[in-house]
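So the structure is just underneath, and the comments pick up after that.
The values are calculated or read from the model by the stated rules, or taken from the named source; none is laboratory data. The structure displayed is predicted, hence computed values, not measured ones.
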Amino acid sequence: MFSFGQLIFGICFFVVFVMIAILSYKADKKQQPQYFKGSYKILIGFLIAFSLLLLVKFITKQ
């Protein structure tokens, strides 16, 4: 589906994007902590929703 070069680029892009997002989050959290209270709940909800989508995909594939 993807060439080897495209896979390498995608993986590198993802890793760099996540690193920049984490660094930006930490910097913003230090400056304005009142906006980040309970943000872990959103992350947990996103991970649950994503897991459910993957589960439905694998169940319906069979």
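Of the residues that make up segment 19-30, is at least one at pLDDT 95 or above and aromatic (Phe, Trp, Tyr)?
No, the conditions are met nowhere in segment 19-30.
Select from segment 10-62 the residues that are of a type in the set (Gly, Ala, Ser) and assigned to a helix (DSSP H, G or I) and list them in ascending order. Spell out the reasoning first.
Looking only at segment 10-62, we keep the residues that are of a type in the set (Gly, Ala, Ser), and these are 10, 21, 24, 27, 38-39, 45, 49, 51.
Of everything in segment 10-62, those that are of a type in the set (Gly, Ala, Ser) and assigned to a helix (DSSP H, G or I) turn out to be GLY10, ALA21, SER24, ALA27, SER39, GLY45, ALA49, SER51.
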